[in-house]
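Before any comments, here is the structure.
Bear in mind these aren't lab numbers, they're just calculated from the coordinates by the rules spelled out. Worth saying up front: this structure is predicted, and the values here are computed from it rather than measured. Cβ coordinates were reconstructed from backbone atoms using ideal geometry, including for glycine residues, and neighbour counts include every protein chain displayed.
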Amino acid sequence: MGKSLAEKIIEKHLVSGTMKAGEEIAIKIDQTLTQDATGTLVYLQFAAMGIPRVKTEFSVSYVDHNTTQGDFKNMDDHRFLQSAAKKYGVYFSPPGNGICHQVHLERFGTPGKTLLGSDSHTPTGGGIGMLAIGAGGIDVAAAMAGAPFYMNMPQIIGVKLTGKLQRMCSAKDVILTVLKLETVKGGVGKIYEYFGPGVASLSVPERATITNMGAELGATTSLFPSDLVTKKFLELEKRAENWTEMIGDDDASYAHVIEINLDKVVPLAAVPHSPDKVVPVKDIAGIKVDQVVIGSCTNSSINDLGVAADILDGKRIHEGVQLGIAPGTRQVILSAVEAGIMSKLVEAGGRILESACGPCIGMGFAPCSKGVSARTFNRNFPGRSGTKDAEVYLVSPETAAAAALKGEFVDPRDIPGVEKRDYVQFIKIDDRMVLPPDPVEADTEVIFGPNIKPVPLGAPVDDTIKASVIIKTGDNITTDHIMPAGSKILPLRSNIPEISKHVFEQVDSEFYNKAMAADAGIIIGGENYGQGSSREHAALAPMFLKIKAVIAKSFARIHKANLINFGILPLEFQNSADYDTIDEADELVIVDVRKNLKDGNTLVIVNKTKNREFTVVHTLGGRFLDILINGGLLNTIKNGK
């Protein structure tokens, strides 16, 4: 029987384990990327490992999140990151050069390679045929130090594409179709591999839009083949030497196959407040729109901006709408200027924003109170936009531009006289802003600002845990709920004691005080706890606040790994009905923790407040269990275990 492309790449990089779904494997990592919101901790952790230079083939440090310089903190972080990259053998992409996923796709992504990134949207690289995986920062630091990346072997899900997208329909509509079918938790423990005759009709940037939002499925990653379309893209980027044909076998076996006829895909929107609440745009036609933003790491290629510009060409946006344009990279800006795209957008009333994550993580261009914002982004969690009561819709560039023009949602197919054009002939290559590291190990000084504090270490797991329930949450709690982003909080990413004051503040403003008052804490969660961003602060800050365990109905992949990496027990209810019997402030006791973790997969918890017992399970074994018991990955590495 033949092999899928994912299996071929994993097999080539396999260090240990067998490729059986659910079993622990370790793979060699070729490339890494970090971004500044997570990167400062990555390099502090890397330095703590005592490794003088990175051991990957290629690593890049990007600045694309904390670019708003309201005071000294963010620029101090940038100086730290630049000096650390220079010292440790990492390329540096400074603020203004663009969003990590788009820059990496354009300039560094290589078919058949493995990429590990400290950002959940690292799977964007799957659009160019990479096995690109998002992870917590400490996993990336370990990979930079030469360690393999450990994970459970995912199931491989085939997505067979046939046909071709019709007028004013978009790759964004394809991934929204998949999200509607699979939901935000449907991809946990899975890789989505796209194949079939319809693949050839999609450009690399379109494929990258689809793999980018595979993160919203909870998937380990998503993957397209490297074919003649990929070769053309790399030729345009003047990187033809990086092309290798990488395709799955015709008789590859998949856990199951989803079939999508691109001819039948229609303009779609994810309505508030989840990426899987997907409806046809025609069903929301007429809803007034206050704000439109086109860009982000999901939809900011030259053709994405080009189709928006062509819809708005010679017209003016509706008087009730503010339009922001966030080009993905400096290359896109230069190319869009050359093509006349920028002038069309500005003349129509668009405001050109910085080439950065910006509005996607609440860093500027927030909607008005109770505002409706149509965004070509990947997440519409409550409050993520920077406005707590905003209604955020996720749409394609075509739908976004049509909404900006009309002041309300309208099916973009109803805008006459516009056909999508290919602007790739205007692409301009200019890598002068990418800074190489010192060619050899040197005595480079790493620059620390006063806001950069040491990374706290976890403690080995106690034999007996006595803790209070600090908070009880519902389903689909995101890392934005746990550790918010935004211009107020992101600058504190290098200072765990300070950022810990904001844990769960949008859910319970007293969480920090309750946690500090308790000797130890436990969090109770529902289904898919920890979905969303890879931010390890959502585990590290709770660890700092003496959280010993999270008991949930189920976990998102990256957050569960982050909890393990910082010594917090991720436990699941054996009987989900037990969730209903627990309240905030209940006192819970777990005895013989270390022994029971090692001897089996169940633990008994006594609820002293309710005078009852319930059983939880864990799915940990091997290396993951050792890391947890040791109090986290950094402890494990420092102790040579």
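Numbers below:
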quantity	calculated
Computed over the chain: relative contact order in percent, which uses C-alpha pairs under 8 Å that are six or more apart	15 percent
With eigenvalues of the C-alpha gyration tensor scaled by 5 and rooted, region 46-160, Å	25, 18, 13
Contact order relative to length of region 556-620, as percent, for alpha carbon pairs under 8 angstrom and 6 or more apart	31 percent
Test item: Cα-centred dipole of region 486-635, Lys/Arg +1 and Asp/Glu -1 on Cβ, debye	500 debye
Signed unit charges on C-beta, dipole axis of the chain, positive-most listed residue Ile470, Gly417, Thr298	Ile470
Crossing angle, helix 171-182 versus the chain [Cα axis fit, 0-90 degrees, rounded to tens]	40 degrees
Acute angle (nearest 10 degrees) that the helix 72-88 long axis makes with the longest principal axis of the chain, alpha-carbon atoms	80 degrees
Convex hull volume of region 215-332 per residue (C-alpha atoms, cubic angstrom)	187 Å³
Computed Kirkwood radius, in angstrom, where 1/r is averaged over Cα pairs of region 5-264	18.6 Å
Ascending count of other beta-carbon atoms within 10 Å, so fewest first, for Arg493, Arg79	Arg79, Arg493
Rotationally averaged projected area of the chain (alpha carbon convex hull; nm²)	26.1 nm²
Rounded Å value of the spacing that divides the Cα centres of region 280-330 and region 255-273	21 Å
Crossing angle, helix 330-339 versus the chain [Cα axis fit, 0-90 degrees, rounded to tens]	10 degrees
Taking Tyr512, Tyr529, Tyr393, Tyr88 and counting other C-beta atoms within 10 Å, the order from fewest to most	Tyr512, Tyr88, Tyr393, Tyr529
Cα pair count fraction exceeding 16 Å, expressed as % - region 193-245	44 percent
Cα-derived Rg to Rh of region 369-467, Kirkwood definition	1.21
Quarter of Cα convex hull surface for region 465-638, i.e. mean projection, nm²	9.3 nm²
Contact order normalised by residue count of region 133-223, Cα under 8 Å, 6+ apart, percent	37 percent
Proxy reagent accessibility, fewest Cβ within 10 Å first, across Thr619, Thr473	Thr619, Thr473
